[in-house]
Amino acid sequence: MDGAELVRELGSLPALRVRTSGAEVHVAVPAIDDGLRLHPDAVLRAHRIFSPRGEPALELVVRHDDGLRPLIVLDDDVVWAPADTESQLDGRIPVRIADMPALVAYTEMERGGVAAARAMDRPMVDVGAASAALLLHRCFIAGAMRFGMRPVRAAAWWQHLSSRLGDDFHLGRFRPDREWDDLLAEARGVRLLRPVEPAPQDVGAELAALTTAELRAMEPVMTVARADEEFLASWRRWVPVPPRRFRELISAGLPEATFEVSLYSDGGCGVDLRIAPNGRLHALLELRFSLPERRAWLDEIRLTDDVAGTGLFQRLMFNAEELSRELGMESISLLATGVGSYAFPRQGTYPTDPELHRSGRDQRR
């Protein structure tokens, strides 16, 4: 790509700070306190897309030494493909991590590093799992470094886990890497502060204390078909989350959404969500759940032309999946016809670039 064109595309994300430095384009992402260094001639294509949560994002196709790599940039995060294990281990026996994700976000990498370190504080430590976590997170960090990022906090947690694991790491030796050693040297100056774990919530007690007055207080965002003691009894029996959490999940990122919940004594549940600012319908979503069977159905999702291409479809789908997951559903069934038959297969498919998608699929075989 031309440098000016790359700068212009990156400028579509207003929170980024973009500047040129010689032959490079430097991109600061204040939300993660890190940034990118890109060579425009290595960036083949740029696509403006939406993240699964519906936020604007930019997907770049970047040529690297060993092929094409995806790089997805958001206002507050960066997503890339981890380095493969062979590039990190110096040994003849190949090591494969079965649940290696195709893509990882910067924020996920940091949370994962903290979680892996916390696991070492337990009375009983699974050395195999800890070894895999150490390798996995090195692949995450090495993948980020390809694009000029300096994830020193993640490297500090990696170093902490490595020192705790010591000689118990049994997956081989890591390849010598001067750039990696420099990052670890920088990470030694980072003071690690473990995030405060939230106090555990007694969901059972909250459900037991639930009243019809609390249900009515959630109106007009959330209404129920019949706010009476029979409804409360069904909720306590079948729904594993309090109504406030139910509302948070289905309406996250949708300030103008309102929805009605129907719940039956046999554990059947329905959600009818609408977005209609000033009385003008923009979107609707209809979900059904069988809580005893742990099955969900997406009966309808519809958007008007006014909100097409805004990321609202992605946000509605994301919220439906998050709510279903927290309710303990094992599957979501749907029937897509017409335009929807194209939209649904594309939903959640990242990277969206066809060449990158084929390449990633072939590598996972």
task = Would you please classify the overall shape of region 95-195 from the alpha carbon gyration tensor, given that a ≥ b ≥ c denote the square roots of the eigenvalues, rounded means a/c under 1.5, and beyond that prolate means a/b larger than b/c while oblate covers the rest?
result = rounded
ask   = For the chain, what is the relative contact order in percent, using Cα pairs closer than 8 Å and at least 6 residues apart in sequence?
value = 12 percent
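Using the Kirkwood radius over Cα pairs, work out the Stokes-Einstein diffusion coefficient for the chain at 20 °C and 1.002 mPa s, in µm²/s as a whole number. Before the final figure, lay out the partial values.
Numbers: Rh = 23.4 Å.
In µm²/s, the coefficient rounds to 92.
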From the C-alpha gyration tensor of region 146-235, square roots of 5λ in Å = 53, 17, 13
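With the other protein chains left in place, how much accessible area per residue, in square angstrom, belongs to region 270-316 at a 1.4 angstrom probe?
Working: 2410 Å² over 47 residues.
Ligands and nucleic acids excluded, the figure is 51 Å² per residue.
How large is the accessible surface per residue of region 1-136, computed with a 1.4 Å probe and reported in Å² as a whole number? Intermediate results must be reported in sequence, preceding the final value.
Numbers: 6720 Å² over 136 residues.
Computed with neighbouring chains in place, this is 49 Å² per residue.
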note = Expressed in angstrom and rounded, the centroid-to-centroid distance over alpha carbons for region 197-260 and region 47-72 is 37 Å
note = A chain fully extended from A102 to S265 at 0.36 nm per residue, minus the present Cα-Cα distance, gains in nm 54.5 nm
ask   = Going by alpha carbons, how many degrees (0 to 90, nearest 10) lie between the helix axis of 178-187 and the longest principal axis of the chain?
value = 60 degrees
remark   = So for R0 = 22 Å, FRET eff. of D90-D167 from the Cβ-Cβ r, to 0.05, ends up at 0.85
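Write down Rg/Rh for region 185-344, rounded to two decimals, with Rg from the C-alpha atoms and Rh from the Kirkwood relation over Cα pairs. Don't skip to the end; give the middle numbers.
Working: Rg = 18.5 Å, Rh = 17.5 Å.
Expressed as Rg/Rh, it is 1.06.
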message = With +1 assigned to the C-beta of every Lys and Arg and -1 to the C-beta of every Asp and Glu, and no other charges, what is the dipole magnitude of region 1-140 about the Cα centre in debye, to the nearest 20?
response = 80 debye
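Return an integer: the convex hull volume of the alpha-carbon atoms of region 1-101, in Å³ per residue. Walk me through the numbers before you get to the answer.
On the way: hull volume 12.6 nm³, N = 101.
Measuring per residue, one finds 125 Å³ for the Cα hull of region 1-101.
How large a share of the accessible area of the chain, in percent, is made up of carbon and sulfur atoms when the probe is 1.4 Å and the other protein chains stay in place? All intermediate terms of the calculation are to be shown ahead of the outcome.
On the way: 9680 of 19480 Å².
The nonpolar share, carbon plus sulfur, comes to 50 percent.
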ask   = In Å, what Rg and Dmax follow from the Cα atoms of region 94-134?
value = 11.4, 32
query = For the Cα atoms of the chain, what angle does the longest principal axis make with the long axis of helix 312-326, in degrees from 0 to 90, nearest 10?
reply = 80 degrees
message = Could you give the length gained by full extension between L281 and L210, i.e. 0.36 nm per residue of separation minus their alpha carbon distance, to one decimal place?
response = 22.4 nm
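The values are calculated or read from the model by the stated rules, or taken from the named source; none is laboratory data. Everything numeric in this text was worked out from a predicted model, so none of it was measured. Neighbour counts run over all protein chains shown; Cβ positions are idealised from the backbone, glycine included. Side chains included, ligands, DNA and RNA excluded: accessible areas come from the protein's heavy atoms. Shrake-Rupley method; radii C 1.70, N 1.55, O 1.52, S 1.80 Å.
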